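Working notes, structure below.
Bear in mind that the values in this text are calculations on the coordinates, not laboratory data. This is a predicted model, so every value here is computed, not measured. All Cβ positions, glycine included, derive from the backbone under ideal geometry; neighbour counts span all protein chains shown.
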Amino acid sequence: MHSMFNGDFGIILVNIFLLAMLFAAAVAIARMRSLFAIVMLSGIYSLVSAAWYVAVDAVDVAFTEAAVGAGMSTVVLLGAMLLTSRTAKPEKPFSRLGPFLVCLATGAALIYATVDLPALGDATSAANTGVGYTYLQVAWFDTAIPNVVTPVLASYRGFDTLGETTVVFTAGLAVALLLGFGERSLAERIRNEGRSGDERRSKKASAASDEDPS
């Protein structure tokens with residue numbers, strides 16, 4: 001019985017468990033109306049995705065998903081949520097038909113594109129020839145990292161990765177500057193305008209009641 005949970009069978013169980021969590025989170029996000037709960041579930045979805053990438057030995061993608069998906073995207077969405085209501089508006093009966101058709105067409109196109117992909121483990125594929133084959137030969141001796149993709153991104157293409165990180169940081173900083181902070185923020189200005197409008201309406205209502213002889 002103990003041997004059943006070793007080797008490939010245990011990995012399959014972990015993959016099934018993580019994919020089931022992703023499916024449950026996706027269904028919950030699609031059915032919820034609370035924007036705060038949706039943002040939090042989106043962060044959980046990104047964290048579970050990062051864990052699944054680690055399980056399939058894609059550590060580099062896991063780092064990116066954890067930093068951008070669960071970290072930066074969650075913070076940006078929480079900041080943007082300050083500029084709107086906390087609950088999504090009710091949808092019309094056929095409002096989801098258009099997005100569903102777009103997703104269906106995109107999925108069909110992706111499945112059709114997989115027909116031209118090389119077979120798994122094909123020695124003549126582009127990934128197994130040229131510079132990729134060189135990385136497979138020298139990566140372990142240069143970096144002692146078993147996952148070849150990680151030294152490629154962090155060492156051989158380190159400057160390119162640094163540039164991508166700079167772009168992501170700049171984009172996040174731009175969004176933060178657009179949202180603003182403190183009393184000068186757009187959210188604070190909208191709230192102040194709302195309070196001022198409520199005060200003006202209350203004054204008009206009190207003045208109308210004073211003028212009413214009854």
Discussion item. So for each of 75-83, 141-149 I average, over its residues, the number of other beta carbons within 10 Å; can you give me the resulting order with the highest mean first?
Written reply: 75-83, 141-149
Worksheet entry | Cβ crowding within 10 Å averaged over residues, with 152-163, 100-111, 54-65 ranked highest first | 54-65, 152-163, 100-111
Item to complete: Output ³J(HN,Hα) for the range 30-42: one whole-Hz value per residue in order, computed from phi by the Karplus curve 6.51 cos²θ - 1.76 cosθ + 1.60 with θ = phi - 60°, and x for Gly and Pro.
Response: 5, 9, 7, 10, 7, 5, 5, 5, 5, 5, 5, 5, 5
Fill in: Pair PHE100, ALA176: separation of 7 Å Cα→Cβ label points (nm)
4.1 nm
Discussion item. Suppose R0 equals 45 Å. What FRET efficiency, 1/(1 + (r/R0)^6) with r the Cβ-Cβ distance, do ASN128 and ALA24 give to the nearest 0.05?
Written reply: 0.80
Item to complete: Any chance you could run the full-extension gain for VAL56 through ALA108? It's 0.36 nm times the residue separation minus the Cα-Cα distance, nm to one decimal.
Response: 16.2 nm
Worksheet item: Dipole of the range 1-90, Cα-centred, from +1 at each Lys and Arg C-beta and -1 at each Asp and Glu C-beta, to the nearest 20 debye?
Response: 660 debye
Discussion item. Give me a comma-separated list of calculated 3J(HN,Hα) values for the range 115-129, in order, Karplus coefficients 6.51, -1.76, 1.60 applied at θ = phi - 60°, integers in Hz, x for any Gly or Pro.
Written reply: 5, 8, 6, x, 5, 4, x, 5, 6, 9, 6, 5, 5, 9, 10
Discussion item. Less than 16 Å from a label point 7 Å out along the Cα-to-Cβ axis of THR87: which backbone N atoms in the range 24-39 qualify, by residue?
Written reply: 31-38
Worksheet item: Computed FRET efficiency, Cβ-Cβ of PHE169 and PHE9, R0 41 Å: what is it to the nearest 0.05?
Response: 0.45
